[in-house]
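What follows is a set of notes on a single structure, which appears directly below.
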Amino acid sequence: MSLLRKIFLFLIITMLVLPAFSEEGANSGFNFEMDIEIGAESINEEITEVSYQMVSINPDFSFGKIGIGLDLTFHYRFDDGNGNFDFREEDWTTNSKRTLLDVYLPIFRYIRYGHKGDSLYGKIGSIEDGTLGNGFIMGNYSNTNFLPELRMTGLALDIDGSLFNFPYVGIETFAGNLAKMDVIGTRLYVRPLTSLGIPIIEDLQIGSTAAFDREPDSLFDFTLTGVTNPKTVSIYGVDFKQPIIANNAISLALFGDLAFQAGSGTTNAGGLLGVGGQLISFINYGLNALILGDNFVPFYFDSAYDLYREVKYDIYVGNAGISGYYGWLANLGFTFLDGMFVFNTSIDGSFENSSNDPSKKPHLKSVFIIGEGLLPGFFFDASYDKRNISDWKDLISQTDAVIGANINYKTGPAVITLGYDLRYVPEDGSWNTTSKLSTSISLY
């Protein structure tokens, strides 16, 4: 029996058997859902863009804090140009650039236990919020920037000592791609004043972070820098976080970071000092001061890191000759109606308003979400990442921008989705666009 037949047989058995267990175990927290998505996708292959029909089978299982999501996606064409039916072999076969782990680990969209901030949190698969500590070294790193062409399987694992009734220590770990183990990091932290039992200061947290990119050019060749064998990116730092106010009306914390990068042959340092928290449980805010040394890249592993690896590496090794500066970072967000309306934005830049240095110009990141149930039938999300802002008109310029949107319409069990991604490619100044029109059906 071929592999594809075995997979489909497994799915048929799963669809017939698991719903019964889901109903019987409703009171115990077990839940099973499955979506089938049918549509069309355009995929960049070498120098051409090819249109495929697509069917994706996505079962989800959850039991208490445990969640599992799978992704079995098949691309095909009724006519490959020669009158033949064609499956996209790259979905399921290995080659010189894709190992067995590259191909089959992405079947798991995610496996999760708990949530970030719990005493035990683990997630494997697609991760869009990889963060260590305050996020100065690694904050909201995402391994999903190249979907649907490339799905990477990452790992986040956090363990707090309170899990073992020892709340003095904890550890956070992260890997962006288990198949390559390129972007990895860990943070150890202590609460040295917990035993004193003194309000506020007993929650002081002091941490130490180390993060690396062992293969900076693993996703594409570095052409701008002319580097054929880039060395490992290594960043180290210490941090602290002191909660000041923590209640339902307002939360406030003071935090700071000091980090070091040694890519240019000398140790380059940068620091952050800020305050942030929540107001009346749905407004997130933060204000930070930045002190950055020569050739230091703050928030190195951020949400768009995989798209700007070469640009950041050029600064990291000192080729770009970026001088240090004093800067700022502000963020503001709103969450209403139990997460059905979400907006978050952040902007950072230099206090040197007249600077022509691209690295010192303001950088804006925004996310806007209208969840299912707020508008009849419709729900959508959009994101905007814009660099090198010189004036107001640059805010709407597509240059140096990463733009994404998904518009969904639900009728009965079916959801029609129009997805669009526009990515600026700094290496050659071109645009990489991905569009998607699909229909998914929730079976359970």
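The values are calculated or read from the model by the stated rules, or taken from the named source; none is laboratory data. Just so it is clear, the model here is predicted, and its values are computed rather than measured. So basically every Cβ, Gly included, is an ideal-geometry build from the backbone, and we count neighbours across all protein chains shown.
Would you confirm whether or not the stretch 89-106 contains a residue that is assigned to a strand (DSSP E or B) and at pLDDT 75 or above?
There is no residue in the stretch 89-106 that is assigned to a strand (DSSP E or B) and at pLDDT 75 or above.
Using the structure shown, decide if G133 is under 28 Å from N331 (Cα atoms) and crowded, with 20+ Cβ neighbours inside 10 Å.
Yes.
Looking only at residues that are among the hydroxyl-bearing types (S, T, Y) and part of a strand (DSSP E or B) in the stretch 331-384, which one is modelled with the lowest pLDDT?
Within the stretch 331-384, the first condition is being among the hydroxyl-bearing types (S, T, Y), and the residues that meet it are 335, 345-346, 350, 354-355, 359, 366, 383-384.
Those still in the list that are part of a strand (DSSP E or B) too: 335, 345-346, 350, 366, 383-384.
Details: T335: 79, T345: 89, S346: 88, S350: 84, S366: 87, S383: 83, Y384: 85.
Top of the filtered list is T335.
Just one of the numbered conditions (1) without any contact (Cβ under 8 Å) to a residue 40 or more places away in the chain; (2) in a strand (DSSP E or B); (3) surrounded by fewer than 18 Cβ atoms within 10 Å (Cβ to Cβ) is not true of Y285; which one?
Failing condition for Y285: (1).
Quick one: count up the residues across the stretch 149-167 that are surrounded by fewer than 19 Cβ atoms within 10 Å (Cβ to Cβ) and at pLDDT below 85.
Final tally of qualifying residues: 2.
What number of residues within the stretch 36-80 are assigned to a strand (DSSP E or B), at pLDDT 75 or above and not polar (S, T, N, Q)?
Adding up the residues that qualify gives 25.
Going through I291, I245, I315 one at a time, which residue ends up being surrounded by 17 or more Cβ atoms within 10 Å (Cβ to Cβ) and either in a loop (DSSP other than H, G, I, E, B) or among the β-branched types (V, I, T) (or both)?
From the options I291, I245, I315, the qualifying one is I315.
Could you grab the pairs with beta carbons closer than 6 Å, sequence gap of 6+ or different chains, first residue in the stretch 256-275 and assigned to a loop (DSSP other than H, G, I, E, B) and crowded, with 20+ Cβ neighbours inside 10 Å, second one at pLDDT below 95 and of a type outside the set (A, V, I, L, M)?
G263/Y316
Whether any residue in the stretch 196-218 is hydroxyl-bearing (S, T, Y), modelled with pLDDT under 95, surrounded by 15 or more Cβ atoms within 10 Å (Cβ to Cβ) and part of a loop (DSSP other than H, G, I, E, B) is what I want to check.
yes
Please go through (1) out of contact with any helix residue (DSSP H, G or I) (no Cβ under 9 Å at 6 or more places or on another chain); (2) closer than 29 Å to I184 by Cβ for Y326 and return the number of the only condition it doesn't satisfy.
Only one criterion in (1) out of contact with any helix residue (DSSP H, G or I) (no Cβ under 9 Å at 6 or more places or on another chain); (2) closer than 29 Å to I184 by Cβ is unmet by Y326, namely (2).
Filter the stretch 118-130 down to residues that are under 21 Å from T144 (Cβ atoms) and out of contact with any Gly (no Cβ under 6 Å at 6 or more places or on another chain) and give me whichever is surrounded by the most Cβ atoms within 10 Å (Cβ to Cβ).
The residue in question is G130.
Run down G265, G318 and say which single residue is within 17 Å of Y236 (Cα to Cα) and more than 24 Å from the chain's Cα centre (by Cα). Break it down stepwise before answering.
Working: G318 fails: within 17 Å of Y236 (Cα to Cα).
Answer to the selection: G265.
Select, from D71, D102, D60, D79, the only residue that is farther than 23 Å from L178 by Cα and acidic (D, E).
The unique qualifying residue is D79.
Do the conditions hold for D306, that is, is it crowded, with 17+ Cβ neighbours inside 10 Å, charged (D, E, K, R) and either more than 21 Å from the chain's Cα centre (by Cα) or farther than 21 Å from G256 by Cα (or both)?
Yes; evaluated as a whole, the condition is true for this residue.
If you check every pair at least six apart or on different chains, which have Cβ atoms under 9 Å apart with a residue in the stretch 72-97 that is at positive phi first and a residue that is surrounded by 15 or more Cβ atoms within 10 Å (Cβ to Cβ) and part of a helix (DSSP H, G or I) second?
Correct list of pairs: empty, since none qualify.
Quick check: anything in the stretch 11-20 at pLDDT 80 or above and surrounded by fewer than 13 Cβ atoms within 10 Å (Cβ to Cβ)?
Checked against the condition, which is being at pLDDT 80 or above and surrounded by fewer than 13 Cβ atoms within 10 Å (Cβ to Cβ), the stretch 11-20 yields no hits at all.
Residue pairs, Cβ under 8 Å, 6 or more apart or interchain, first in the stretch 144-167 and in contact (Cβ under 8 Å) with a residue 60 or more places away in the chain, second surrounded by fewer than 16 Cβ atoms within 10 Å (Cβ to Cβ) and of a type in the set (V, I, T). List them.
Hits for this filter: zero, empty list.
Given the options F260, F282, F220, F296, name the one that is within 26 Å of V169 (Cα to Cα) and of a type in the set (A, V, I, L, M, F, W, C).
Sole residue among the options that is within 26 Å of V169 (Cα to Cα) and of a type in the set (A, V, I, L, M, F, W, C): F260.
Answer with yes or no whether I407 is at pLDDT 70 or above, within 24 Å of the chain's Cα centre (by Cα) and farther than 27 Å from S350 by Cα.
yes
If only one of T399, T417 is exposed (fewer than 15 other Cβ atoms within 10 Å of the Cβ), in contact with a strand residue (DSSP E or B) (Cβ under 7 Å, 6 or more places away or on another chain) and either modelled with pLDDT of 75 or more or not in a strand (DSSP E or B) (or both), which one is it? Spell out how you get there, then give the answer.
Values: T417 fails: exposed (fewer than 15 other Cβ atoms within 10 Å of the Cβ).
Going through T399, T417 in turn, just one is exposed (fewer than 15 other Cβ atoms within 10 Å of the Cβ), in contact with a strand residue (DSSP E or B) (Cβ under 7 Å, 6 or more places away or on another chain) and either modelled with pLDDT of 75 or more or not in a strand (DSSP E or B) (or both): T399.
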